[in-house]
Amino acid sequence: MRGLVLFTAIATTLIVWTSLADPINLPKMFVLTILSAWVLGLVASALIYGRGTNLPVGLWAVFVFALGLLVAALLTDVKYTAFFGALQRNDGALSYLALATLCIAAMMSFGPTDVKQVRTVLLVVGSVLTGYGFLQSIGNDPFNWVLVYGPMIGTLGNPNFLSGLLGASSIATLWVIIAKEKVWFRGAGIILLLLELFIIKRTGSIQGFAAFGVGFTFLAIVKLWHINKRVGVISLFFAGLGSIPVLMGLLNKGPLAGEIYQTTLMNRLDYWRAAINMFKAHPFTGVGLDRLGENYRQYVPQVQVVQAQTTDNVHNVFLQLLATGGLVVVLPYLFLLGVILWTGLRGIKASKGEAQIDIVAIFSIWFALLLVSSVSIDNLGVAVWFWISGGVLYGVAHQSLRKDEHKPIGKQKSGKSAKRVTSNNASLVAPIASLVVTIVALVIMVPAWRSSAMVMDLQRNTGGLTQPQFVEKIKQVAKIQPNNVQTLIVLSDMALRISQVDLALGYTKSINEKDPRSYYGNYLSATAHELRKQYIQAIPYRVRLVELGPWDTVNMLGLVKDYLQVKELDKARAIVARISALRPDGDDAKAATALLNG
């Protein structure tokens, strides 16, 4: 189980598949879901045949979180998005359930003697990402990515994600350097650490340095404490003193404000306010799992840091879960984090010597990723390490606190014969259970893979197909997942680009029936009718967009144009007045006024 958990983490982080429309996030979700399904069979068998032992609170905490997640997903208005996540995010209920499964497996299978396996695997991942990051930094990336944020994206799609994960892997490298290892191994660790920090610097993101700073501080304090308790106390005092300017920087104050309070953090203020507004309006179950994008325009404050900005994720895992899952999800999540944190701290206190260093190191990795999640998205390639390190931390600390230190969670306290029978039964049932669950996972995930592959093929071969061939392929893709609103939006846009308005309207009708809040469903419907000069039919969709986005002056300008085309001058004046009231000096207000006067 340990080996499969760690292999899943490596595969999820490193896999990319360039023949998909989403070459980064979908393959990560695919691998994560399939491999964790096999793990789930092992976990279920172990728990069923180990039912003679009371389960620890950590496992119950994960179960409660998973239950809350399922309740929120089933109550979400668009089930596909709830389970698969937003487009090119893929952090819906299926992904979280897979992560929770890995967390439970880590809790059950890792003990004090196994913890260094996590370090080894993170060293491998850190080395691969560092090497690939170096190739990207010198312009020799073997993949022709469509870059938005810069060339340093690793296998994660964004410099922030690469920076954050390298920050965690650099803690594992530091762990090697301060441990009782061979001199050559520690020397290689120093070289790798310098290279990791260099790549973090090249990403332009501070997340990696923040994560490494957390790990360095924790490990340095404990190491100094081992050398001399008084020196350890002094280092703890200075660490607390040094954290003050960092906290001030988060508030845009003090000497580090310019480095910490970056534009990206300023942008997040709008996101966070919108999330809080969503929670206030829907406190118990939120607006729906991963439905933030279709609700953002309605709940974002009028006075925004960045005008006309939209998002489908608030870049804070706690607020994202609060806004989309409400108290049903966020309370179990906070309880789970609290259990891991408390057990980890108790385990650190109860251990000594090298064992204490090991627990502090895994605690540092988990806590650093926890802090990163407060300003970032749950990118699956990073989140998988957060959930696994949390499970490992709990399992190691839990065993350190027990008298029988080497007894794994879930093992029965019965006689030798009963143990042998239980073990034989579990070994027979486990692979069958894993196979069944994995087949179910494949049935769920393969259509999403096929759909994305065919969309990518359409995008690459637009000029090589006749229009009838192109239309036929669009129809084939639509049949694979008829409830996949995200793909229908892409196909509608493709149909409009080749002037197949009837085809596009058929898909947008389906989109709006399945998701009345879909911004793009309503927008593409309005656009299709406007292309045909059917302004009366376009107006209801523009009006709906005003309801969904009360500060969206771009759409309001389009509505003014439609009203003027059908001679609805009073309604046009009302919308122009609204645009001018929202942003009197904006380009949209000037354009709307010019249209009305003209």
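The values are calculated or read from the model by the stated rules, or taken from the named source; none is laboratory data. Please read all numbers here as calculations on a predicted model, not as lab measurements. Neighbour counts are summed over all protein chains in view; Cβ atoms, including those assigned to glycine, are modelled from backbone coordinates with ideal geometry. Ligands, DNA and RNA are excluded from the accessible area calculation, which covers all protein heavy atoms including side chains. Shrake-Rupley method; radii C 1.70, N 1.55, O 1.52, S 1.80 Å.
Numbers below:
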item: Residues of the chain: accessible area per residue with a 1.4 Å probe, Å²; result: 44
item: GLY286 long-range amide H proximity, modeled H, under 5 Å; result: GLY326, LEU327
item: Inter-centroid distance (Cα atoms) of the range 541-562 relative to the range 1-22, Å; result: 42
item: Cα-projected label distance for VAL501 with ALA574, points at 7 Å along beta-carbon direction, nm; result: 2.7
item: Apportionment of accessible area to carbon and sulfur, the range 97-227, percent (1.4 Å); result: 70
item: Full-stretch length increase - THR310, PHE185 - with 0.36 nm per residue and alpha-carbon distance subtracted; result: 40.2 nm
item: Net dipole in debye of the chain [+1 Lys, Arg Cβ; -1 Asp, Glu Cβ; about Cα centre; nearest 20]; result: 1560
item: Computed Kirkwood radius, in angstrom, where 1/r is averaged over Cα pairs of the range 51-156; result: 17.3
item: Ranked by how many other beta carbons lie within 10 Å on average, peptides 132-144, 151-163 from highest; result: 151-163, 132-144
item: Positive-end extreme of charge dipole, the chain - chosen from VAL64, ILE474, SER373 (charges on Cβ); result: VAL64
item: Calculated from backbone phi, Karplus (6.51, -1.76, 1.60) coupling profile of the range 108-119 in Hz, x at Gly/Pro; result: 7, 10, 9, x, x, 7, 9, 5, 5, 5, 4, 4
item: Where trypsin sites (Lys or Arg not before Pro) in DSSP loops with at most 15 other Cβ within 10 Å are excluded, longest remaining stretch of the chain; result: 52-179
item: Percent carbon-and-sulfur accessible area, the range 13-62, ignoring ligands, DNA and RNA, probe 1.4 Å; result: 70
item: VAL543-TRP60 FRET efficiency (beta carbon distance; Förster radius 51 Å; 0.05 resolution); result: 0.55
item: Using θ = phi - 60° and Karplus 6.51 cos²θ - 1.76 cosθ + 1.60, couplings along the range 358-368 (whole Hz; Gly, Pro as x); result: 4, 5, 4, 5, 5, 4, 4, 4, 5, 5, 4
item: Approximate spin-label separation TRP145-ALA350, in nm, with each point projected 7 Å along Cα-to-Cβ; result: 4.3
item: Gain in span if fully extended, ILE234 to ILE276, counting 0.36 nm per residue against the direct Cα distance; result: 11.1 nm
item: Selection from LEU166, GLN565, ALA591, by position along the positive dipole direction of the chain (Cβ); result: LEU166
item: Efficiency of FRET from Cβ geometry, ARG583 and ILE177, R₀ 60 Å, rounded to 0.05; result: 0.65
item: Whole-number percent relative contact order across the chain, with pairs defined as alpha carbons under 8 Å at least 6 apart; result: 19
item: Filter on LYS561/LYS590; LYS116/LYS182; LYS514/LYS571 - keep pairs with C-alpha separation over 23 Å; result: LYS514/LYS571
